[in-house]
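Trainee: Let me begin by handing over the structure; questions about it come next.
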Amino acid sequence: MVLLTASHRVAPGLLSWPAWQALRAADRVLCADEGHPQLPYLREAGVTVDIAAPTAEELVDACADGSTVVVIPSGEGDRALTDGLARLAGSNRVRMPDLELLPGSYDLPGARLLDLVEVMDRIRRECPWSSRQTHQGLAKYGIEEAYELVEAIEDGDRDELREELGDVLLQVVFHARIAEEHEDEPFSIDDVAGTIVEKLIHRHPHVFGEESAETPEEVKAHWLRTKAIEKQRASVTDGVPLGQPGLALAAKLASRVRSAGLDVALPKADGFGYDLLALAVRAEAAGVDPEAALRAAARTYRDAIRAAEGHGVNVEE
């Protein structure tokens, strides 16, 4: 008795060689779902499939004379049948045939992303809230989710990290789904993925090309050189988002200046803003992320405030 499973994330008909061997050698091939997506391809290949939903007892009887029966479960997995077989095997009152669970196809890494795309498509079509969202309306959520991801990383909470990564991924898939509906310049999640794949390959010639890089510094040099050729920017400040937090913005500008080998004096003026600018530039030069450093200090300050209020530090928020 062979239970032949196949991933719905792999195109029907793309089965492993052991699966095809089992199908061709079987005395009977059974499937309870007459609309099963594999059936047209099996029949085209000359495999006779009987539409039947036998009970566990009937299936065991069908194998009693040494016949080999292949069962193609439905998408739901035919739980009643598998439970019945387990019950018979555990009773020790029935002589069970050899039972093999044969995967006909496997999910490749990243296969669950196909489920996310499918779920997002349905939500976009059927959800009263999601169907009305725009890029502009969702922008704030992208920022919030990015900050929550950073917090999970800084907390070292693996469960939170996994969840927040999913929330960030949702933003990407949601925006790509909305972009499909653009009248003049539509694009899809495949276009988004294709663009970043091309960029990664192009910017890693030491991996996908003939150049070599033995150190992280050499890799960064490759990246910056390739990026400069791609962007053809008139200024090192081009592409620096001015809407990011102030310390991060100051550090990014300082990094661009340092990488370009420019000698740019800090503006001479009084005020806290200029003092913070100087601190951010010093931090960047020392290899410290000033934004992360300030967040860490602020979290310590937060704990001190809670302690002064009489709260414990490790209180669930």
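The values are calculated or read from the model by the stated rules, or taken from the named source; none is laboratory data. Model, not experiment: these values are computed from the prediction. Because the Cβ atoms are built from the backbone with ideal geometry, glycine has one as well, and the counts that use them run over all protein chains shown.
Trainee: From the list His311, His206, pick out the single residue that is assigned to a loop (DSSP other than H, G, I, E, B) and surrounded by 10 or more Cβ atoms within 10 Å (Cβ to Cβ).
Mentor: His311
Trainee: Does Thr48 count as β-branched (Val, Ile, Thr) and either under 28 Å from Arg93 (Cβ atoms) or modelled with pLDDT under 90 (or both)?
Mentor: no
Trainee: Does segment 102-113 contain any residue that is among the aromatic types (Phe, Trp, Tyr) and farther than 21 Å from Ile189 by Cβ?
Mentor: yes
Trainee: If Tyr106 satisfies every condition in (1) within 30 Å of Val29 (Cα to Cα); (2) touching a helix residue (DSSP H, G or I) at 6+ places or on another chain (Cβ under 9 Å) but one, which is the exception?
Mentor: Of the numbered conditions (1) within 30 Å of Val29 (Cα to Cα); (2) touching a helix residue (DSSP H, G or I) at 6+ places or on another chain (Cβ under 9 Å), the odd one out for Tyr106 is (2).
For (1) outside the structural domain of Asp157 (by TED's automatic domain parsing); (2) outside any loop (DSSP other than H, G, I, E, B); (3) among the aliphatic types (A, V, I, L, M); (4) modelled with pLDDT of 95 or more, each residue gets a yes or a no:
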{"site": "Ala228", "(1), (2), (3), (4)": "yes, yes, yes, no"}
{"site": "Pro241", "(1), (2), (3), (4)": "yes, no, no, no"}
{"site": "Val264", "(1), (2), (3), (4)": "yes, no, yes, no"}
{"site": "Ala269", "(1), (2), (3), (4)": "yes, no, yes, no"}
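Trainee: Here's a follow-up. Which pairs turn up if I take residues in segment 110-128 that are modelled with pLDDT under 95 and look for partners that are not in a helix (DSSP H, G or I) with beta carbon separation below 6 Å, at least 6 apart in sequence or on another chain?
Mentor: If the second residue must be not in a helix (DSSP H, G or I), the pairs left are Ala111/Arg9; Leu114/Arg9.
Trainee: Assess whether Ile72 counts as being loosely packed, with under 13 Cβ neighbours inside 10 Å and either assigned by TED's automatic domain parsing to the domain that holds Phe174 or closer than 23 Å to Ala11 by Cα (or both). Break it down stepwise before answering.
Mentor: Values: loosely packed, with under 13 Cβ neighbours inside 10 Å: no; either assigned by TED's automatic domain parsing to the domain that holds Phe174 or closer than 23 Å to Ala11 by Cα (or both): yes.
Spelling it out, it is not the case that Ile72 is loosely packed, with under 13 Cβ neighbours inside 10 Å and either assigned by TED's automatic domain parsing to the domain that holds Phe174 or closer than 23 Å to Ala11 by Cα (or both).
Trainee: Now a separate question. Filter segment 225-259 down to the residues that are surrounded by 14 or more Cβ atoms within 10 Å (Cβ to Cβ) and closer than 25 Å to His206 by Cα and list them by number.
Mentor: Thr226, Lys227, Val236, Ser255, Arg256, Arg258
Trainee: Okay, next question. With touching a helix residue (DSSP H, G or I) at 6+ places or on another chain (Cβ under 7 Å), surrounded by 13 or more Cβ atoms within 10 Å (Cβ to Cβ) and over 17 Å from Ser105 (Cβ atoms) as the only criterion, which of Ala62, Ala56, Ala52, Ala26 stands out?
Mentor: Matching residue, one of Ala62, Ala56, Ala52, Ala26: Ala56.
Trainee: Of all residues in segment 118-129, how many are surrounded by 10 or more Cβ atoms within 10 Å (Cβ to Cβ) and more than 20 Å from the chain's Cα centre (by Cα)? Please lay out each step first, then the result.
Mentor: Taking segment 118-129 as the starting set, the residues that turn out to be surrounded by 10 or more Cβ atoms within 10 Å (Cβ to Cβ) are 118-125, 127.
If we keep only those that are more than 20 Å from the chain's Cα centre (by Cα) as well, we get 125, 127.
Residues flagged as surrounded by 10 or more Cβ atoms within 10 Å (Cβ to Cβ) and more than 20 Å from the chain's Cα centre (by Cα) within segment 118-129 amount to 2.
Trainee: Check segment 173-190 and report whether any residue there is at positive phi and modelled with pLDDT under 95.
Mentor: Of all residues in segment 173-190, those at positive phi come to none.
No, segment 173-190 contains no residue that is at positive phi and modelled with pLDDT under 95.
Trainee: When you scan segment 151-168, do you find a residue that is of a type in the set (A, V, I, L, M, F, W, C) and within 24 Å of Lys227 (Cα to Cα), even just one?
Mentor: no
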